[in-house]
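The structure appears right after this line, and notes come after that.
The values are calculated or read from the model by the stated rules, or taken from the named source; none is laboratory data. These numbers come from a predicted model, not from an experiment. We place every Cβ from the backbone using ideal geometry, glycine too, and count neighbours over all the protein chains shown. For the accessible areas, the whole protein counts, side chains as well, though only heavy atoms, and no ligand, DNA or RNA atoms are used. Shrake-Rupley method; radii C 1.70, N 1.55, O 1.52, S 1.80 Å.
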Amino acid sequence: LTQFLIEAIALSAAGGVLGIGLGVLGNFLIYRTTGFFVPTSYTSVAIGFGFSAMIGIGFGYFPARKAAKLNPIDALHYE
């Protein structure tokens, strides 16, 4: 359970940081090409990162909890 939870946290944090970076880069490129400046709100960045983290942790925790209750062979078995 801990391994899957750490993986979910790492992936959602990496996705959040990547999303923030692409958003700032896109904002900069729009400004450079059009001259239209849109200020970046740190509150909206924090809220977006928080939702990204909550969704990543939620979608990582619940399947991991279900798999942790199973026999390891059954958890890895596919049909």
Note down the nm distance, to one decimal, between modelled labels 7 Å out along Cα→Cβ at Leu1 and at Val38.
-> 4.2 nm
Let a ≥ b ≥ c be the square roots of the eigenvalues of the Cα gyration tensor of region 28-69; is it rounded (a/c under 1.5), or, if not, prolate (a/b larger than b/c) or oblate?
-> prolate
Measure nothing but the geometry: give the 0 to 90° angle between the long axis through the Cα atoms of 2-34 and the longest principal axis through the Cα atoms of the chain, rounded to 10°.
-> 20 degrees
Can you give me the relative contact order of the chain as a percent, contacts being Cα pairs under 8 Å and 6 or more apart?
-> 50 percent
Taking protein heavy atoms only, a 1.4 Å probe, and rounding to whole percent, the accessible area of the chain owed to carbon and sulfur comes out at 72 percent
Given (1) 46; (2) 56; (3) 43, the label whose value is percent of Cα pairs over 18 Å apart derived from this model = (2)
Would you mind calculating the gained length between Leu18 and Leu70 on full extension (0.36 nm times residue separation, minus the Cα-Cα distance), in nm to one decimal?
-> 15.3 nm
Send over a whole-number figure in Å² for the accessible area per residue of the chain, probe 1.4 Å.
-> 82 Å²
Calculated from DSSP helices alone, with each H run of at least 4 adding -39500 (n - 2.57) and the total divided by the residues of the chain, [θ]222 nm to the nearest 500 comes to -28500 deg cm²/dmol
